[in-house]
Amino acid sequence: MTTAERTGAPSTTIETPVLQVRDLSVAFTTESGTVSAVDRVSLDLAPGEIVGMVGESGCGKSVTAMSIGGLLPDSARVTGSVRLQGTELVGTRESVLRRVRGKDIAYIFQEPMTSLNPVLTIGRQIAEVLQVHERMSRRAARARAVELLSLVGIPSAATRVDNYPHQLSGGMRQRVMIAMAVACGPKVLVADEPTTALDVTVQAGILQVLRDLRDRLGTTILVITHDLGVIADIADRVVVMYAGRVVERAPVTDLFAFPYHRYTAGLLSASPTPGVHAGTQRLQEIPGLVPVLSAQPDACTFADRCPAADERCREAAPPLEAVRPALTEHVAACWHPCPTPRTRPEETIA
Amino acid sequence: MTSQEYALELSDLVMHFGAVRAVDGVSLAIPRGRVTALVGESGSGKSTVGRCVVRLVEPTAGTVRIAGADVTHLSRRQLRRHRSDVSIVFQDPAGSLDPRMLVGDIVAEPLRLSGRRISRRDRDARVATELGRVGLRAEVARRYPHELSGGQRQRVSIARALISEPMLLIADEPTSALDVSVQASVLNLLADLQRDIGFACLFITHDLSAVEYLADDIAVMYLGQLVEKGSREQIFARPGHPYTQALLSAAPVADPERQRQRQQVLLGDDLPTALDPPSGCRFRTRCPLAFDRCATEVPAQVEYGDGMAACHLVQPDGTRPDVRAADTNEVVS
Ligand SMILES: Nc1ncnc2c1ncn2[C@@H]1O[C@H](COP(=O)(O)OP(=O)(O)OP(=O)(O)O)[C@@H](O)[C@H]1O
Ligand SMILES: Nc1ncnc2c1ncn2[C@@H]1O[C@H](COP(=O)(O)OP(=O)(O)OP(=O)(O)O)[C@@H](O)[C@H]1O
Ligand code: SF4
Ligand code: SF4
Ligand SMILES: [Mg+2]
Ligand SMILES: [Mg+2]
């Protein structure tokens, strides 16, 4: 088996990707030993594409995202390759990375409070990004900061611009991060749970801001979220991670219509359906815990929790490959993919 | 009901931060052993209500009663006596976990504060049980908070809140960082414990499916005030207030085709501010049904079904507006 097949690298490249991740692995050194967090992840992001990333809490989504921009702490060992328009970023000097971040790759972090500076007003923080990367004057940057704050739906932006982070609500802080991230019109935007703290009406507005950014500037967006409603709304393609690995990748409608990997199927059925759970029925869980990655390198990492697991699943890791040869865009790493619903028209082709 | 049957009672709670009217007259009572969900737009004052209850901020006016006892003006030290049976899960897990403490010590902290003596071995066992209940491996106890993922940190803060088996739990967006499967297990856990220990819960969230699953009652907040209260059944089946109706119609569904074609009630985008709330009805700048009276007259809280709603178009006989019919301005009953 070639490396490309094993890691599920796309065999045909239709468009030159803006961001190309190959065999990315990350391990941490902690007091209680080495923790493997990401295991040979490969990923291509095409220009102007919105890719959603989903997966169980702790499966390595944020670590993957952080390693793209070289943001992991020193305790992390990163191997593999991340190329931004052909330029290798893994192992690159911090000074180069700093220039890339903010201008070419922007981040919306999962926990706004820890990434905003508590002693600077939010206006100063947004303006700083603009002054450094766009060489704006102080006054122009401040005016633009106010515009950006109203763009993300913060009322009284002209007054709020002088607030410190602790004076804002959780959702406002999250939107300040979004304003900062879109400030310079980045080529790639990594949005890690961008709407977790937002109610649905505000969320709809933020998703629109992201879509506009893509439509206007062709920004490529990687959206990490556990909200399948957000994925359904905004993503073109979806990457599903489990225990540090990519286990399925597909165009959004295909993934929802016929998930192949057993974990994906479990994830979709755990999604609460409005009207069903009115206080009586238990919510569907996937029983068991995510395994410790290093404990079972040569097996399907989902085997302990999978209803369809057999000997083969415990002895060899399934490759990430197309389940139906005719559908090369839909790949999954599963020895016994879920049966496809009969009604699917492609069935006859494959 | 006598006041001791309420785990929490807020009367006319007001919290102003300088010119920001974060909470502006909220009254709410949660009976023992029941779950009230507090929902509402970002910045409407939900977290501030929670922070007033545990006295992280001192309310500007109004009273807070916990199990019948007025705690509004207790000192922090006096409050600690009550605090041992009140737990809070903060909205921002990272900011509420001490970065220098090991996860095991963080989770065990309420046991230490309660002053009860407990052997090291029992303590570790309790911590492991509590971590297991929120789906974390016992070995996580030996890590630092920054060595965890966002959702893992959030579960650590839930474990810490539950270890003391509280009488009242303030849970501020407790599952916002969790994927659906882990979220389901945490919500199942809360529902089970709620049945077993019988704690009351103020469940602050914007996740309407979680609300539907866990809450007995729902309170809807808009710009510092409650605009609607009622049982879960009623709010989902027959929401009275236009804001509640818009909120329910905006919840995304996990189906790409349906989601992209859905009819959402579009709210006006003239966003009002807690710095200078609109006159009359605070929702009027965005309400598709607003009419002249809304600008001049503050809508009264009228009895509506088993709860209340504050809108000129809601009547005690059950008449309610329908925002989906906004262009025709029809009123359905
Ligand atoms: N600095 C670190 N040191 C040690 N382990 C870490 C560190 N950062 C993350 N991890 C571990 O790596 C794994 C992946 O973490 P990551 O933050 O990528 O998860 P995630 O998929 O983003 O989850 P969530 O949805 O909960 O945010 C987790 O098991 C986590 O405990
Ligand atoms: N310490 C503070 N100083 C000044 N203003 C504050 C402070 N804390 C909160 N506020 C303001 O109070 C209002 C309500 O904030 P709160 O955090 O209660 O909102 P929320 O409903 O929890 O919103 P979210 O859903 O975004 O978390 C906001 O306008 C916020 O800016
Ligand atoms: S490879 Fe086997 S264990 Fe893994 S998801 Fe597929 S069927 Fe389940
Ligand atoms: S009182 Fe008027 S503005 Fe307020 S919710 Fe009712 S109709 Fe809308
Ligand atoms: Mg994360
Ligand atoms: Mg809040």
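Table for the structure above
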| read-out | value |
| --- | --- |
| Of all residues making up region B:48-82, the number that are under 19 Å from the mean Cα position of the chain (by Cα), of a type in the set (A, V, I, L, M, F, W, C) and surrounded by 18 or more Cβ atoms within 10 Å (Cβ to Cβ) | 7 |
| Residue check, B:ILE197 β-branched (Val, Ile, Thr) and touching a residue at least 40 places away in the same chain (Cβ under 8 Å) | no |
| Test: residue in region B:161-172 that is within 14 Å of chain A (Cβ to nearest Cβ) and within 15 Å of ligand 1 (Cβ to nearest atom) | no |
| Candidate set: region B:126-158, residues that are more than 9 Å from ligand 1 (Cβ to nearest atom) and in a loop (DSSP other than H, G, I, E, B); chosen: the one farthest from the chain's Cα centre (by Cα) | B:ARG137 |
| Subset of region A:104-139 [among the acidic types (Asp, Glu) and outside any helix (DSSP H, G or I)] | A:ASP104, A:GLU111 |
| Any hit, region B:116-124, residues being free of Cβ contacts under 8 Å to residues at least 60 places away in the same chain, open to solvent by 50 Å² or more (accessible area, probe 1.4 Å) and within 25 Å of the chain's Cα centre (by Cα) | no |
| Residue match in region A:188-199 (condition: assigned to a helix (DSSP H, G or I), in contact with a helix residue (DSSP H, G or I) (Cβ under 8 Å, 6 or more places away or on another chain), within 14 Å of chain B (Cβ to nearest Cβ) and closer than 23 Å to A:SER67 by Cα) | no |
| Residue in region A:175-183 that is within 8 Å of another protein chain (Cβ to nearest Cβ) and open to solvent by less than 30 Å² (accessible area, probe 1.4 Å) present | yes |
| Residue selected from region B:213-249 under the condition within 23 Å of B:HIS16 (Cα to Cα) and among the small types (Gly, Ala, Ser), by the criterion farthest from the other protein chains (Cβ to nearest Cβ) | B:ALA219 |
| Subset of region A:229-251 (residues that are within 9 Å of chain B (Cβ to nearest Cβ) and open to solvent by 10 Å² or more (accessible area, probe 1.4 Å)) | A:ASP233 |
| Spans of helices (runs of 4 or more DSSP H) in region B:1-108 with at least 1 residues more than 14 Å from ligand 2 (Cβ to nearest atom) | B:76-83, B:93-96 |
| Conditions (1) surrounded by 15 or more Cβ atoms within 10 Å (Cβ to Cβ); (2) free of Cβ contacts under 8 Å to residues at least 24 places away in the same chain; (3) closer than 27 Å to A:GLY244 by Cβ; number of the one not met by B:GLY132 | (1) |
| Criterion: under 30 Å from B:ARG34 (Cα atoms), at pLDDT below 95 and open to solvent by 10 Å² or more (accessible area, probe 1.4 Å) - qualifying residue of B:SER231, B:SER249 | B:SER249 |
| Top-ranked residue in region B:13-27 [being open to solvent by less than 10 Å² (accessible area, probe 1.4 Å) and over 12 Å from B:ALA274 (Cβ atoms); ranked as nearest to ligand 4 (Cβ to nearest atom)] | B:VAL26 |
| Qualifying residue in region A:215-226 (condition: away from every other protein chain (no Cβ under 11 Å) and among the polar types (S, T, N, Q)) | yes |
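The values are calculated or read from the model by the stated rules, or taken from the named source; none is laboratory data. Computed from a predicted model, the values in this text were never measured in an experiment. Positions of Cβ are generated from backbone atoms using ideal geometry, with glycine treated the same way; all protein chains shown enter the neighbour counts. Please note that ligands, DNA and RNA were not included when accessible areas were found on the heavy atoms of the full protein model with its side chains. Shrake-Rupley method; radii C 1.70, N 1.55, O 1.52, S 1.80 Å.
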